[in-house]
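Participant: Shown below is the structure under consideration.
The values are calculated or read from the model by the stated rules, or taken from the named source; none is laboratory data. Computed from a prediction, not measured in an experiment: that's the story for all the values here. FYI the Cβ positions are ideal-geometry reconstructions off the backbone, even for glycines, and counts take in every protein chain you see.
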Amino acid sequence: MTNTNPVVLYHHPFSRAANVVWMLEELGIPYVLEYVDVLAGAQHSAEFHQKNPMGKLPTLVDGDATVTESAAIGLYLADRYSYGVLAPKVDEAARGTYLRWSLFAPSVIEPGCYAHMSKWDYKPGQAGWGTYENMLASVEEAIGSGPWLLGERFSMADVIFGGTVRYMLRFNMMEARPSFAAYAARLDARPASIAAAAKNNAIVAEHKLGG
């Protein structure tokens, strides 16, 4: 049965849920933002742990489905609401590239940047993210001549992967190579990205966050 209720995103603008707002704006579907006061520890309440035992944002509820983890939420939403458009169909060759770079973001870019920034002592051959240098080279390869990960076709992979790259650049956690900066600028210029930023900024102002 098709769910007619709006998607509910448990959200704080200083969490990864901010990027999920962009996902929802790209889809153009009705949604509700449920503010979670993470500074007060609301994400660790017994009620919230029923939705996400990790006590983390983003957490998305769509009818009877509860989805956590940013990349999983993006893949779920694109398949559910934009199959064949923002999500390549399973019989399209582009589907493999789409999944590859969507999952590369949380499994390689994030830990690779944190390991480099924090000077973790680890053996690259035993870590799933390998070396920082290889990670950067792979990001450059993924972007290629662009404009998007699938060439001329924008997909949810650009929101997942691109959102991660953009975040790492914004906080100086990744080398700001020209191709990375140009890709982030293209992402920033998308109408859905601009709309999402406005919504996140409005919540920052409403709750007087960030000092």
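Participant: Quick one: Ala176 ticks every box in (1) surrounded by 15 or more Cβ atoms within 10 Å (Cβ to Cβ); (2) touching a helix residue (DSSP H, G or I) at 6+ places or on another chain (Cβ under 8 Å); (3) more than 19 Å from Ser15 (Cα to Cα) bar one, so which box is it?
Facilitator: All conditions pass for Ala176, except number (1).
Participant: Right, something else. Out of (1) under 21 Å from Ser102 (Cβ atoms); (2) exposed (fewer than 15 other Cβ atoms within 10 Å of the Cβ), the odd one out for Val20 is which?
Facilitator: (2)
Participant: Take Ala115 and tell me if it is more than 19 Å from Ser193 (Cβ to Cβ), surrounded by 15 or more Cβ atoms within 10 Å (Cβ to Cβ), out of contact with any Cys (no Cβ under 6 Å at 6 or more places or on another chain) and hydrophobic (A, V, I, L, M, F, W, C).
Facilitator: It is true that Ala115 is more than 19 Å from Ser193 (Cβ to Cβ), surrounded by 15 or more Cβ atoms within 10 Å (Cβ to Cβ), out of contact with any Cys (no Cβ under 6 Å at 6 or more places or on another chain) and hydrophobic (A, V, I, L, M, F, W, C).
Participant: Take the conditions closer than 28 Å to Pro13 by Cα, among the acidic types (Asp, Glu) and exposed (fewer than 13 other Cβ atoms within 10 Å of the Cβ) and apply them to Asp188. Does it pass? Break it down stepwise before answering.
Facilitator: Values: closer than 28 Å to Pro13 by Cα: yes; among the acidic types (Asp, Glu): yes; exposed (fewer than 13 other Cβ atoms within 10 Å of the Cβ): yes.
So Asp188 fits the description; yes.
Participant: Identify, from the list Arg95, Arg16, the residue that is among the basic types (Lys, Arg) and within 29 Å of Phe171 (Cβ to Cβ).
Facilitator: Details: Arg95 fails: within 29 Å of Phe171 (Cβ to Cβ).
Criteria check complete, one pass: Arg16.
Participant: Let me ask something else. Can you pull out every residue in the range 132-145 that is surrounded by 15 or more Cβ atoms within 10 Å (Cβ to Cβ) and either outside any helix (DSSP H, G or I) or in contact with an Asp or Glu (Cβ under 8 Å, 6 or more places away or on another chain) (or both)?
Facilitator: Result: Leu136, single match.
Participant: So is Thr66 modelled with pLDDT under 95 and out of contact with any helix residue (DSSP H, G or I) (no Cβ under 6 Å at 6 or more places or on another chain) or not?
Facilitator: Numbers: modelled with pLDDT under 95: no; out of contact with any helix residue (DSSP H, G or I) (no Cβ under 6 Å at 6 or more places or on another chain): yes.
Spelling it out, it is not the case that Thr66 is modelled with pLDDT under 95 and out of contact with any helix residue (DSSP H, G or I) (no Cβ under 6 Å at 6 or more places or on another chain).
Participant: Here's a follow-up. Residues in the range 77-106 that are under 22 Å from Asp62 (Cα atoms) and acidic (Asp, Glu): how many?
Facilitator: 1
Participant: In the range 91-111, which residue that is over 16 Å from the mean Cα position of the chain (by Cα) and without any contact (Cβ under 8 Å) to a residue 40 or more places away in the chain is surrounded by the most Cβ atoms within 10 Å (Cβ to Cβ)? Give the steps one after another, and end with the answer.
Facilitator: Initial filter on the range 91-111 (over 16 Å from the mean Cα position of the chain (by Cα)): 91-97.
With without any contact (Cβ under 8 Å) to a residue 40 or more places away in the chain added as a condition, the list becomes 91-93, 95-96.
Working: Asp91: 6, Glu92: 13, Ala93: 8, Arg95: 15, Gly96: 11.
Restricting to residues being over 16 Å from the mean Cα position of the chain (by Cα) and without any contact (Cβ under 8 Å) to a residue 40 or more places away in the chain, the top hit is Arg95.
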